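Here the structure is laid out as structure tokens; the discussion comes afterwards.
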Amino acid sequence: MTHLPYVIAAYAVFVLVLGSDAIGSRLRLRWARRLAVRRQQRQQARAAADSAPPLAPELTR
């Protein structure tokens with residue numbers, strides 16, 4: 001049973017790599033969602049500003 005510590009170490013490394021990959025994917029997904037929400041808010045604000053009537057039409061002459 002001299003190879004047992006190596007097998008345990010290999011599984012430990014595998015679990016660590018798998019966990020770090022899962023954490024990284026989750027962080028990237030969270031970052032992408034934040035960017036998408038910010039982009040949507042900017043587009044909604046831009047659409048609301050474009051659809052609003054001008055405050056002083058006589059100043060645009």
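The values are calculated or read from the model by the stated rules, or taken from the named source; none is laboratory data. Keep in mind the model is a prediction, meaning the values are calculated, not measured. Cβ sites come from the backbone with ideal geometry, for glycine too, and all protein chains shown count toward neighbours. Each accessible area value is taken on the protein alone, full model and side chains, heavy atoms only, with ligands, DNA and RNA left out. Shrake-Rupley method; radii C 1.70, N 1.55, O 1.52, S 1.80 Å.
General observations
- Accessible surface, per residue, of the range 1-53 when the full set of protein chains is kept, probe 1.4 Å, Å²: 97 Å²
- Karplus-based coupling profile of the range 11-28, in residue order and whole Hz: 5, 5, 5, 4, 5, 5, 5, 4, x, 5, 5, 5, 5, x, 5, 5, 5, 5, with θ = phi - 60° in 6.51 cos²θ - 1.76 cosθ + 1.60 and x standing for Gly or Pro.
- Separation of the L29 and A12 label points, Cα + 7 Å toward Cβ, nm: 2.9 nm
- Karplus-derived HN-Hα couplings along the range 33-49 (A = 6.51, B = -1.76, C = 1.60, θ = phi - 60°), whole Hz, x at Gly and Pro: 5, 4, 4, 5, 5, 4, 5, 5, 5, 5, 5, 5, 5, 5, 5, 5, 6
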